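The values are calculated or read from the model by the stated rules, or taken from the named source; none is laboratory data. Keep in mind the model is a prediction, meaning the values are calculated, not measured. In this analysis, Cβ positions are derived from the backbone assuming ideal geometry, glycine residues included, and neighbour counts consider all displayed protein chains. Surface areas here come from the heavy atoms of the whole protein model, side chains and all, with no ligands, DNA or RNA. Shrake-Rupley method; radii C 1.70, N 1.55, O 1.52, S 1.80 Å.
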Amino acid sequence: MDTDVLIVGAGPTGLALGVDLARRGVETTVVERGAELFPGSRGKGLQPRTMEVFDDLGVLDAIRAAGGHHPVGMIWQNGERKGEHRMFDPAEATEDSPYNEPWMVPQWRTQEILRARLEELGGAVAFGREAVRLQQDGAGVTVGFTSGKPVRARYVVAADGGRSAVRRALGIGMTGEPVDPQPMLVADVRITGLDRNNWHIFPPGADSEDFLAVCPLPGTEDFQVVARFPADAPVDVSPEGVRKTVAARSHLAPEDVKEVRWASDFRPRTALADRFRDGRVFLAGDAAHLHSPAGGQGLNTSVQDAYNLGWKLAAVLRDGADEALLDTYEEERRPVAADMLRLSTSVHRGETRRGAATRQLGLGYRTSSLTRETRPATGPLRAGDRAPDGTLDGVRLFDAFRGPHWTLVAVGVAVPEAPVPVVCGQAQESYGRGLFLVRPDGYVGWAGNTGDGLRDYLGRFGLWVY
């Protein structure tokens, strides 16, 4: 066996999973078909829940340093500023939710940060490795490439995007539909004539379907250009085509676009894989679900796929947990992905504001087969919910959770014996009273008033043996 886990694709999903597995001591190989990381800004909005994930993975400081707040929209008409447009409902940071707003970082920069963290943990990305075939049996999976030797792994994760070669090789279909018949141009440019304090919006005229938005990308000299075109219209992604589009829809001249660094013809659609697992192969990220970019749900849902799968693979490979644990990846993540697809489509069509739902802090797994709520009467926090931040007896909870371990939080009750780190105190408003066993991905797996049943629950994950 060449490796425990082979991750196909070095986008945000594959890199986040690589980081999570590397810090857990799981032998992991990350391959990427391209000669370098994806160069564009496409997924630029990081939701508060993803910021919490990045806090745990050890990249939050770098992410915060690389990005910035989403700028206020500025409406232009005939070369004049006509007023501001607030794209996001405001939210105040609280003790239990310290990251209150989306954070803007170009996708290419997020990938660089995750790659650097992976390398810090001893991992690496093998470029120029395009997967074209696979064969699996009861012991592992063999993946072949266009060049170089095949790789034999115990498990494979397909994080190779919406056109996933691994998904196609497995014969897994995707069900979906176009979200918008109008194609879009997305490009990263260097531009003059616009300030970097606003997200510049050029609405279409009364008799036109043209639309242009130009957004400064924090931490760079770049702007992201987004332009919508009439249905079936050609989209010219050449530098000359990008310049022509910007000039035709704004008061800028073609020469104001100094450089086109990346450009793409994008067709908004939604699609969900029929299943997320086939034997020893898992689908994650865009290989499993495709979103409209509206609302910033795609990259964030993808990173959280990786976060859900990472600790489960490690539990099976390192702690001796039953392989049936891996079935809960699809059980938990596919319904979430379906909900996020509906949400992003609703935002795209102007039916839902970007607000509490798009921040993803309310997502959870109350109905999961991994969830055990043993209290006859619950408080504000139930098993299956995201474990909030806060302070308990002088200890910040996110500090206690950080790392690849489970954590037992005891509030106002006796602390039972447990083979995991414990944080205890007499009062925590966001939790209420009880025992809360927090999973490695920050969700409450088990809750009770006493330790009855805790040993059996942890035994499922190889953490407490008789």
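Being at pLDDT 95 or above, part of a loop (DSSP other than H, G, I, E, B), under 20 Å from the mean Cα position of the chain (by Cα) and surrounded by fewer than 21 Cβ atoms within 10 Å (Cβ to Cβ) is a condition met by at least one residue of segment 55-77.
Condition first: of a type in the set (S, T, N, Q) and crowded, with 19+ Cβ neighbours inside 10 Å. Now tell me which residues in segment 186-205 satisfy that. Once the filter is applied, which keeps residues that are of a type in the set (S, T, N, Q) and crowded, with 19+ Cβ neighbours inside 10 Å, segment 186-205 yields only N198. Set side by side, the residues D286, D265 differ, and just one is open to solvent by 30 Å² or more (accessible area, probe 1.4 Å), of a type outside the set (A, V, I, L, M, F, W, C) and modelled with pLDDT under 95, which is D265. Of everything in segment 352-386 that is modelled with pLDDT of 95 or more, open to solvent by 50 Å² or more (accessible area, probe 1.4 Å) and among the basic types (K, R), the residue that is farthest from L454 (Cα to Cα) is R366.
Pairing residues of segment 320-335 that are without any contact (Cβ under 8 Å) to a residue 24 or more places away in the chain with residues that are assigned to a helix (DSSP H, G or I) and of a type in the set (A, V, I, L, M), at Cβ distances under 7 Å and at least 6 apart in sequence or on separate chains, gives E323/V316. Considering D389, D339, D399, the condition of being at pLDDT 95 or above, under 30 Å from R86 (Cβ atoms) and acidic (D, E) is satisfied by D389 alone. Only one of the numbered conditions (1) modelled with pLDDT of 95 or more; (2) open to solvent by 30 Å² or more (accessible area, probe 1.4 Å) is violated by R42, and that is (1).
Scanning segment 409-438 for residues that are within 21 Å of G362 (Cα to Cα) and not acidic (D, E) yields V409, Q428, S430, Y431, G432, R433, G434, L435, F436, L437, V438.
Within segment 332-349, not a single residue is closer than 24 Å to C424 by Cα and open to solvent by less than 10 Å² (accessible area, probe 1.4 Å). Kindly evaluate A247 against the criterion of being aliphatic (A, V, I, L, M), out of contact with any Ser or Thr (no Cβ under 6 Å at 6 or more places or on another chain) and open to solvent by 30 Å² or more (accessible area, probe 1.4 Å). When the stated conditions are applied, A247 does not pass them.
All of (1) under 24 Å from T371 (Cα atoms); (2) in contact (Cβ under 8 Å) with a residue 60 or more places away in the chain; (3) among the polar types (S, T, N, Q); (4) touching a Lys or Arg at 6+ places or on another chain (Cβ under 8 Å) hold for S302 with one exception: (4). Restricting attention to segment 403-421, the residues that are surrounded by fewer than 16 Cβ atoms within 10 Å (Cβ to Cβ) and in contact (Cβ under 8 Å) with a residue 60 or more places away in the chain add up to 1. Return yes or no: is A400 of a type in the set (A, V, I, L, M, F, W, C), in a loop (DSSP other than H, G, I, E, B) and open to solvent by 10 Å² or more (accessible area, probe 1.4 Å)? Criteria not met by A400. Restricting to segment 441-460, count the residues that are in contact with a strand residue (DSSP E or B) (Cβ under 9 Å, 6 or more places away or on another chain) and either among the hydrophobic types (A, V, I, L, M, F, W, C) or within 17 Å of Y329 (Cα to Cα) (or both). Residues in segment 441-460 being in contact with a strand residue (DSSP E or B) (Cβ under 9 Å, 6 or more places away or on another chain) and either among the hydrophobic types (A, V, I, L, M, F, W, C) or within 17 Å of Y329 (Cα to Cα) (or both): 8 in total. Sub-6 Å Cβ pairs linking a first residue in segment 151-162 that is among the acidic types (D, E) to a second residue that is in a loop (DSSP other than H, G, I, E, B), at least 6 apart or interchain, are D160/G9, ordered by first then second residue.
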